[in-house]
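Read-outs throughout are calculated quantities, based only on the coordinates presented, and are distinct from any laboratory measurement. Everything numeric here is computed off the predicted structure, so don't read it as measured data. In this analysis, Cβ positions are derived from the backbone assuming ideal geometry, glycine residues included, and neighbour counts consider all displayed protein chains.
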Amino acid sequence: MTPTAQPSIVSSFTKENVCLKISKSGELYTAIVPIPSFTSKQVLIHIKCTGVCGSDIHLWKEGGIGDMRIEDDLIIGHETAGQIIAVGADVTHDLKVGDRVAIEPQLPCGQCFLCMNGNYNLCQEVDFLGMPNMNGSMQRYLPFDPKFCHKLPDNISYEEGALAEVFSVAYHGIERAGGLELGKGAMIAGCGPIGLATLLLANSSGAYPLAVTDISQERLDFAKVLVPSVKTYKLDMKLSVRENAEKIRALFGTTEYEMPPNVLECTGVASSINTCCYVVRRKGTLTVIGVSGKNEIDGFPFMTVSFGEVDIKFVNRYKDSWPAVLNLFASRKVDALKFVTHRIPLETAPEALKTFYNPSIRSMKVMVKDDINLL
Ligand SMILES: [Zn+2]
Ligand SMILES: [Zn+2]
C-alpha cells in the first residue's frame, strides 16, 4: 500500500512551524516554514524538547560531518521527544493522538542484510534526523515513522525523553561490552554527556569500584556529584600515556586481579584510547564508544593488548535501546535530569547552540523547548 498525503489534518493546525536552520556558510537562524508533509503511514509529532549535541556544533561550524556536507539550509536536531498530534490513516502501531513519545532518530532501510539480521544501527542506507540527508527536530512539527516512536512512561518528562538518545549511546556501549559485572570494577574515560551517561548506567548496574578520567577538574567534580562513590583522575598532559595509566590503575588496587575488567572509552581521542589499553585488566574488554573522526590513531599499545588478550569493541549508534533506557529512567535508578543546565525557547533557538558552544558558560545539556500545547 502506498502511503497517501494527509493534507486535511495538517491544515487543521494553526500555529506556525518555527524552526532552527543552519546554512552551508554557517549562518544560524530561526525561520517559519510550512508544516512538513505527512503521510498516512506516519505520525505527526509536536516536538516539545530537543537537546543540543556536539554533532550540531560540527554542522554549524564546519558545514558538515565527514562526508556529509550541508548543501541546502538544514533544520538540525536529533535528541528529541514530543507529543503525537495526528496519526496517519494507515498506522497500525499502538499510538494515538496525545501520546508522549521519545524519538529514535534513525530510519534504516529495513531491506539490507544488516537490517534483516537485526543490526539496523549499521545500515548503510540510513536516514538520520537533523543530518544533511534529513531535516531534524528543532522545529515545532515533525512527521515520523511510528516504529521509531517510543512511548514515555507516565513519570518521565519530555526532557528525559530527549535525553534517552544520549543514554542510548551509552546503553549500546555497555551491551557491546557484554554487560558489566556486579561487584567488579569499571573505568570510564571522558566526562562529557556520553561518558557521564555511561557512568550513571554503570553505577546502576552494580559494577564497583568505578573510576572516571577527564582533563577538566570541573567535569570530574560533576561526575562526583552524580555518583559520589566514583573515583576520579585528572589526566596529566605532562605525563606519558603509560604513566597516566599507571596512576589510574593505582585507584583500583595493586594486583592485576583488582584492575577493571571493563574499560569504556568515551572521548575517541587517541591518547585516551591508548591510555585505556594500558588500564584494562588482562583478558578484559575495552569498549570504544567515543568517535574522533580521525581514520587512524598513533601510539596504539599493540603488545600490551595482545599479551593480555584484551577484547576491543566499537560502537556505532544504537539499536533496541529506547525501551530499556526509558525503563531505567522510570525506575529512578538513573537520574538523567541533572544533565540539563540550560533551557531555551524554540523561538530563540540559536541561543541554545551559542550557549553550548561558549566555553565560559559551562553547559552540559542545553534543551530547546516548545512549551505550548497544540491539542
Ligand atoms: Zn547527539
Ligand atoms: Zn538497511
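Of L346, T213, G173, whose Cα points farthest to the positive end of the dipole of the chain (charges on the beta-carbon: +1 Lys, Arg; -1 Asp, Glu; origin at the Cα centre)? Farthest towards the positive pole: T213. The value for segment 169-314 of Rg(Cα) / (2.2 N^0.38 Å) is 0.92. Here the peptides 137-145, 290-298 are ranked by packing, the mean other Cβ count within 10 Å, and the order with the highest first is 137-145, 290-298. DSSP beta bridges in the chain, what fraction antiparallel, as a percent rounded to 5? If I count the DSSP bridges inside the chain, around 60 percent turn out antiparallel.
How big is the Kirkwood radius of the chain, worked out from every pair of different alpha carbons and given in Å to one decimal? Taking every pair of different Cα atoms in the chain, averaging 1/r and inverting gives 21.6 Å.
Let a ≥ b ≥ c be the square roots of the eigenvalues of the Cα gyration tensor of segment 97-214; is it rounded (a/c under 1.5), or, if not, prolate (a/b larger than b/c) or oblate? It comes out prolate by the Cα gyration axes. Extension gain, I57-R332: 0.36 nm per intervening residue step, less the Cα-Cα distance, totals 95.9 nm. Extension gain for A5 to Y208 (0.36 nm times residue separation, less C-alpha to C-alpha distance): 67.8 nm. Cα gyration tensor of segment 40-140, axes a ≥ b ≥ c as square roots of the eigenvalues: rounded (a/c below 1.5), prolate (a/b > b/c) or oblate? The shape class here is oblate. Between T92 and S25, residue separation times 0.36 nm minus the direct Cα-Cα distance comes to 19.9 nm. Under the classification rounded if a/c is under 1.5, otherwise prolate if a/b is larger than b/c and oblate if not, where does segment 113-159 fall, given a ≥ b ≥ c as square roots of the Cα gyration tensor eigenvalues? Oblate, because a/c is 1.5 or more while a/b does not exceed b/c. Contact order, relative form, for the chain: 17 percent (alpha carbon pairs under 8 Å, 6 or more residues apart, mean separation divided by residue count). Charged side chains reduced to their Cβ positions (Lys and Arg at +1, Asp and Glu at -1) give the chain a dipole of some 740 debye around its Cα centre. Each stretch of four or more DSSP H residues adds -39500 (n - 2.57); spread over every residue of the chain, this sum gives -8000 deg cm²/dmol at 222 nm. The label point for Q124 and the one for L374, both projected 7 Å from the Cα toward the Cβ, are 3.6 nm apart.
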